[in-house]
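The values are calculated or read from the model by the stated rules, or taken from the named source; none is laboratory data. These figures come from a predicted structure and were not determined experimentally. Methodologically, a virtual Cβ is constructed for each residue, glycine included, from the backbone with ideal geometry; neighbour enumeration extends over all protein chains shown.
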Amino acid sequence: KAHPRMAEVIDALTRHLHAFIKEVEPTHEEWLTGIKFLTETGHMCTEWRQEFILLSDILGVSMLVDAINNRRPSGATENTILGPFYVANRPMLPNGDNICKDMKGEPCLVTGTVRDTEGRLIPGAVVDVWQTNDDGFYDVQQKGVQPEENMRGAFTTDAEGRYWFRTVKPRFYPIPDDGPVGKLLGQLGRHPFRAAHIHAIVTAEGYDTVITHIFEPNCRYLREDTVFGVKESLVGHFEKVEDTLEAAEAGFDGAPFFWK
Ligand code: DHB
Ligand code: FE
């Protein structure tokens, strides 16, 4: 069946591919190398992941598609990359709960409010968060190694639109670099690291969904995130506090606390 939008897209792709080939003038061998690379990229490297999204991410294409589709009024929280490690069936937790179940890392308290674009507080919004553990892996990458549902959970804003939860300070970590895309990064002289972040998906009935991160301001990769996900407005404020009572409540003995 004819599909005019498909025809339009493939026409544009063909024009750009021809221009690209004319610019780089590949040898037959180089052309084959490209075909092989794309073939490997499409192979399943685990039972749930092939690498085309990863490729799109490291070329900045994912962020561009997101920017085109999520133009928001200024002041509204910006989107950034979703990444492959979101798990839809995560625990719903009460505010104040600790998502860190392996007790590794620097204790951190995250607090915030959810508001509409006019600044009105939104009660009952769901703030769904996930991050790596202090070794730089998501729980789904280390089944049987990390506790179940380590470093993920969803919190609901209270009557004043507030949410708060305990975790550990995020750290930088490499995107999966053992496949064709990792090999490509190596050939380009690029590192595989993502600037330290906490992921969040914020949903509320009757509102657009926000898919975003909180970035850690002092991360050494803040200005060179390998998937170009950093936006100035998403860099959090981390403040060191010595609150042994709060720390004890969170199950961390007398440790310093970071607040967002
Ligand atoms: C994330 C991981 C990736 O491998 C990627 O390509 C993009 C984002 C992440 O979890 O942040
Ligand atoms: Fe991540």
Mind listing whichever residues of region 25-34 are surrounded by 10 or more Cβ atoms within 10 Å (Cβ to Cβ) and assigned to a helix (DSSP H, G or I)?
Glu30, Trp31, Leu32, Thr33, Gly34
Under 6 Å between Cβ atoms, at least 6 apart or on separate chains: pull out the pairs that start in region 159-183 with a residue that is basic (Lys, Arg) and end on any residue that is part of a loop (DSSP other than H, G, I, E, B) and surrounded by 19 or more Cβ atoms within 10 Å (Cβ to Cβ).
Arg166/Ala250; Arg171/Ala196
Within region 110-161, take every residue that is in a strand (DSSP E or B) and β-branched (Val, Ile, Thr) and give me the one that is farthest from Glu205 (Cα to Cα).
Val110
So, of the residues in region 59-81 that are touching a helix residue (DSSP H, G or I) at 6+ places or on another chain (Cβ under 8 Å) and part of a loop (DSSP other than H, G, I, E, B), which turns out to be nearest to ligand 1 (Cβ to nearest atom)?
Ile81
With the first residue restricted to region 204-216 and required to be within 16 Å of ligand 1 (Cβ to nearest atom), and the second required to be in a loop (DSSP other than H, G, I, E, B) and among the aromatic types (Phe, Trp, Tyr), Cβ contacts under 6 Å at 6 or more apart or on different chains are none
When the residues of region 121-147 are filtered to those that are more than 19 Å from the chain's Cα centre (by Cα) and without any contact (Cβ under 8 Å) to a residue 40 or more places away in the chain, which remaining residue is farthest from ligand 1 (Cβ to nearest atom)?
Pro123
Counted residues in region 39-55 being more than 11 Å from Leu184 (Cβ to Cβ), aliphatic (A, V, I, L, M) and either outside any loop (DSSP other than H, G, I, E, B) or in contact (Cβ under 8 Å) with a residue 12 or more places away in the chain (or both) come to 1
Tell me yes or no: at least one residue of region 47-68 is out of contact with any Phe, Trp or Tyr (no Cβ under 6 Å at 6 or more places or on another chain), among the small types (Gly, Ala, Ser) and more than 16 Å from ligand 2 (Cβ to nearest atom).
yes
Criterion: loosely packed, with under 13 Cβ neighbours inside 10 Å and at positive phi - qualifying residue of Gly105, Gly75, Gly96
Gly75
Given the structure, is Ile99 closer than 23 Å to Asp158 by Cα and modelled with pLDDT of 95 or more?
yes
Does Gly161 qualify as being at pLDDT below 90 and more than 16 Å from ligand 1 (Cβ to nearest atom)?
no
Examine region 191-201 for a residue that is of a type in the set (D, E, K, R), within 16 Å of ligand 2 (Cβ to nearest atom) and out of contact with any strand residue (DSSP E or B) (no Cβ under 7 Å at 6 or more places or on another chain), and state whether such a residue exists.
no
Between a residue in region 75-92 that is of a type in the set (Asp, Glu) and any residue that is within 16 Å of ligand 2 (Cβ to nearest atom), which pairs come within a Cβ distance under 8 Å, given they are 6 or more apart or on different chains?
Glu78/Thr212; Glu78/Lys231; Glu78/Leu234
Out of everything in region 116-131 that is of a type in the set (Gly, Ala, Ser) and modelled with pLDDT of 95 or more, what residue ends up being surrounded by the fewest Cβ atoms within 10 Å (Cβ to Cβ)?
Gly124
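Residues are listed down the side, and each one gets a yes or a no for (1) of a type outside the set (Ser, Thr, Tyr); (2) buried (at least 18 other Cβ atoms within 10 Å of the Cβ); (3) more than 23 Å from Thr212 (Cα to Cα):
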site	(1), (2), (3)
Gly153	yes, yes, no
Tyr163	no, yes, no
Pro176	yes, no, no
Pro180	yes, yes, yes
His191	yes, no, no
